[in-house]
């Protein structure tokens, strides 16, 4: 496989983002280590040499660019092996802060990684995965475009459904954390949470949730627009609860694609 000799570190506080990127990279053959926080990443780079270090742009304590600068100050050679991962728009409608580092956009595309790493010239189109032959019909899940989500997993549907199974708990925590951030008048954390949900929802094909999360992120920059923020959050919560009810119904019916291995 294209990345058999490569070791990659992915640093992202967002659980869904980590799961999606892990599936893409491991199915290309890479050995992947995951870190949810900058301090975990620093411990890992002290023990292991990585061919690629991907840092999420928006994290609670340090941005990906700030963490990259710390890493590079300790080891200048890392400058050629670090990339920033963001849910910002590649069309420039949501620009990434200026950086000399390579930027990958979520959902992570295999060709971006293959192009970044030396000695990996294969296209992701050359890679096939073990997709069950009987999986032509998918369950009907409210608000989830399942084929779009599976494409983000490079066609590996069982990995997609394992991630989708985790979405209700992930989104429950988002709703709880966002309410707490609103109560604390922490606009920065509101923006970060909305940004994370924006990227994660796109990855699993929750396109309506993605659109509202994007609007909520933009609205959270305007502290005076509290009524608009509250209205967006209520609509977003309703979409999330409907999607979660559909997911739970599939799990309860023991749909084969939601069964744990």
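The numbers here are math on the coordinates, done by the rules we state, and not lab data. Since we're looking at a predicted model, the values are computed, not measured. FYI the Cβ positions are ideal-geometry reconstructions off the backbone, even for glycines, and counts take in every protein chain you see.
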Cα-Cα pairs in the range 139-196 separated by more than 20 Å, as a whole percent of all pairs, come to 42 percent
Points 7 angstrom from Cα along the Cβ direction at residue 142 and residue 241: gap in nanometres?
0.9 nm
What's the ranking of 210-216, 47-53, 6-12 by average number of surrounding C-beta atoms within 10 Å, highest first?
6-12, 210-216, 47-53
Between residue 227 and residue 253, what length in nm is gained on full extension when 0.36 nm per residue of separation is reduced by their alpha carbon distance?
5.4 nm
Quick calc of log₁₀ I(q)/I(0), the range 146-258, Debye, one scatterer on every Cα, no solvent, q values 0.20 1/Å, result -1.01
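Rounded to the nearest 5, what is the percent of antiparallel bridges among the DSSP beta bridges in the chain?
Numbers: 0 of 17 bridges.
Percent antiparallel among DSSP bridges in the chain is about 0.
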Ordering 160-171, 72-83, 144-155 by per-residue average of other C-beta atoms within 10 angstrom, highest first, gives 160-171, 144-155, 72-83
Once both labels are modelled 7 Å past Cα along the beta-carbon direction, what's the residue 80-residue 100 spacing in nm?
1.4 nm
Chain lengthening between residue 116 and residue 4 when straightened (0.36 nm per residue, less Cα-Cα)
38.8 nm
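The chain: percent of C-alpha pairs farther apart than 30 Å?
It works out to 29 percent of all Cα pairs.
Taking the mean number of other Cβ atoms within 10 Å as a proxy for protection, how do you rank 235-242, 24-31 from highest to lowest?
In descending order of packing, they fall as 24-31, 235-242.
Would you please give the FRET efficiency between residue 73 and residue 47, computed as 1/(1 + (r/R0)^6) with r the Cβ-Cβ distance and R0 = 22 Å, to the nearest 0.05?
0.75
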By how many nm would the segment from residue 66 to residue 172 grow when fully extended, if each residue of separation counts as 0.36 nm and the alpha-carbon distance is taken off?
35.2 nm
